[in-house]
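The values are calculated or read from the model by the stated rules, or taken from the named source; none is laboratory data. A quick note: this is a predicted structure, and the numbers were derived from the prediction, not measured. Neighbour counts run over all protein chains shown; Cβ positions are idealised from the backbone, glycine included.
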Amino acid sequence: MSTPVPANWRPLITQCNTTIRQAWSELKPEYPLYTTTVNMGERSIFEDAWIGRMPKMRLWSGPRVYHGPGALTYTVVPEPFELSYILDMFKYADDGFGVFYPMLLDYAYQVRMWPEYQMRDLFEASGAWSSTASQKGMDGLANWSTAHQTNPYALSAGTLAAGTAYCTDFTGGGVSINSVTVGGALSATAILTLIEYMSTIRAEDGERFNIKPTILMHPSALRGEVEYNLKNMLAAGSVGYTTWGAAQTQVGATDNVVARMGVEPYENKNLASYTKWYLMDTSKSVKPVRWILREAFGMTPLTEPNQPIVVNNHAFAWVGHGRGAPAWSPAWLMARSGP
């Protein structure tokens, strides 16, 4: 026969569970700003099938030309993640509501930040998503690549076979395109050239995707530079704007062109890199990355007196797990840059 939980412990258990729920509801994760969440249902592998843009109308000269769809696939395997928290009865009794109790708030915080950290790891090829396989995008190439194919059907064994390529990785000081250095270290010129370049990326039909970057995601170390470039009404007169048009140097203060591009700053405090920044178009029906959710995090309190951990370890525990994975969306929705 089990011994009931002492009356003075019952309020603790109830309050701990209530506190976790309250903390959960008050935390505001930021990843939905650039992430589309997909509930994948009862499957072990998320499979995304897609086809390219249909060819555009052609001048009817000679016989008709018939086109058929060519399906492409992209798969993601959701992984299990767990978090377990234990509270020693005796240490808690000797401590009161001092050292140990606030840790329950941390439990809720870490659970809430689960997708946030996984997105960061996908961007930076770290943690559970550092492998070559997890870095491949929807077209089978690395998502951060200088050689994405505008027509993925022309890819042969991962090499360019036909058509033209586009770039999503401008780290290393930028990339020379059309005799212009695009991207590189954060600056007015780097931002403008990348905005303008992304708007020129074409689809399978040869026409442009009409990409319009809406968010510049950056680490905390670049906050000052980003605020200066995206929010100031005026810019320093010595800034030289070298874009697709003419290059010139303005003497004296001038209107800040970058601030009128409609790009909002987003400081991602979880980024590890001090120098890399990301330009995203979040205006489309699918955002630049996706969170594939197989099983939402669920918490189970192990607090009953007949449970082994209570009997054998004089402790209460709160355990939980979930299954999910970050995934790429079409590569042309986002680019990264840096020195």
- Task: For region 185-206, enumerate the residues that are surrounded by fewer than 20 Cβ atoms within 10 Å (Cβ to Cβ) and outside any helix (DSSP H, G or I).
- Result: ALA185, SER187, SER199, THR200, ARG202, ALA203, GLU204, ASP205, GLY206
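Look through region 254-310, keep the residues that are in contact with a strand residue (DSSP E or B) (Cβ under 9 Å, 6 or more places away or on another chain) and basic (Lys, Arg), and return whichever of them is nearest to MET138 (Cα to Cα).
ARG290
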- Task: Please indicate, with yes or no, whether at least one residue in region 222-230 is hydroxyl-bearing (Ser, Thr, Tyr), at pLDDT 85 or above and part of a strand (DSSP E or B).
- Result: no
- Taking into account only those residues within region 288-339 that are in a helix (DSSP H, G or I) and polar (S, T, N, Q), which is farthest from LEU87 (Cα to Cα)? ASN312
